[in-house]
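One structure below.
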Amino acid sequence: MHRNAKPKRLSRPDCQASSEERVLLGMAPVGREFGCPDYERWVRLDQAASDTELQAFELVRKGTRWLNSATVDASSRKTGNGVRADLSNSYSMACRWAEEGKIFGINLDGTMLFPAYAFEPSGQPVLSLQDVLKVLTGMSPFAIAAWFESPSSTLGGMRPRELLASDSNAVIAAARTLREGPLQG
């Protein structure tokens, strides 16, 4: 322990450190006050990473139109004659579809938002999106949204969202290519 560092308290009352605490206690302190020569560089790198994440989030958010669950529900519950069906069901249709893996959404400040490209003009989910989401299982909703927004060399520079409705097989193949990773050799 650095001679100026204060002893760390253990979270467990019996003063026996958990395995995680033992690792943390054994680590050298980092920071200007502990004489870390690279402290300023680490701060700059951390800030750059935060800025990059914010820029990526803004590109995804601004790249498409995002719909809240009320908008999705109102659109999906229109019947063929233009009259809205019963809206008394308080459980969101959009949330139900997300749970079923038919669509995905991202949480922005406590509000679930769903990409407009996930829906047919009738308000129903694009059928092939479920197949794409099966391939992308395990990715975070934001990572999925970023993938749909990013130009893909597999799709000739097009964004997957641009081809989802018109060439779903190509989008599914591009998702498989993403999951398989780059080919070596």
Residues satisfying the stated conditions in the stretch 146-173, i.e. of a type outside the set (Phe, Trp, Tyr), under 18 Å from the mean Cα position of the chain (by Cα) and under 15 Å from residue 131 (Cα atoms) = 160, 161
Which of (1) small (Gly, Ala, Ser); (2) closer than 30 Å to residue 150 by Cα; (3) at pLDDT below 60 is the odd one out, the single condition residue 90 does not satisfy?
-> (2)
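Could you tell me which of the residues 98, 145 is surrounded by 18 or more Cβ atoms within 10 Å (Cβ to Cβ), among the small types (Gly, Ala, Ser), part of a helix (DSSP H, G or I) and touching a helix residue (DSSP H, G or I) at 6+ places or on another chain (Cβ under 6 Å)?
After ruling out the rest, the residue left standing is 145.
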Only one of these conditions is not met by residue 112: (1) under 16 Å from the mean Cα position of the chain (by Cα); (2) at pLDDT 90 or above. Which number is it?
-> (2)
Matching residues in the stretch 148-175 (surrounded by fewer than 18 Cβ atoms within 10 Å (Cβ to Cβ) and either among the hydroxyl-bearing types (Ser, Thr, Tyr) or in a loop (DSSP other than H, G, I, E, B) (or both)) number 11
Report yes if residue 129 is aliphatic (A, V, I, L, M), farther than 18 Å from residue 95 by Cα and part of a helix (DSSP H, G or I), otherwise no.
-> no
Please name all residue pairs, on different chains or six or more residues apart, with Cβ atoms under 9 Å, provided the first residue is in the stretch 93-104 and is over 14 Å from residue 137 (Cβ atoms) and the second residue is among the charged types (D, E, K, R) and in a loop (DSSP other than H, G, I, E, B).
-> 93/77; 96/102
Scan (1) modelled with pLDDT under 90; (2) in a loop (DSSP other than H, G, I, E, B) for the single condition residue 61 breaks and write down its number.
-> (2)
Could we say that residue 45 is modelled with pLDDT under 75, more than 21 Å from the chain's Cα centre (by Cα), exposed (fewer than 12 other Cβ atoms within 10 Å of the Cβ) and in a helix (DSSP H, G or I) here?
-> yes
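The values are calculated or read from the model by the stated rules, or taken from the named source; none is laboratory data. Everything quoted here is computed from the prediction, not taken from an experiment. In this analysis, Cβ positions are derived from the backbone assuming ideal geometry, glycine residues included, and neighbour counts consider all displayed protein chains.
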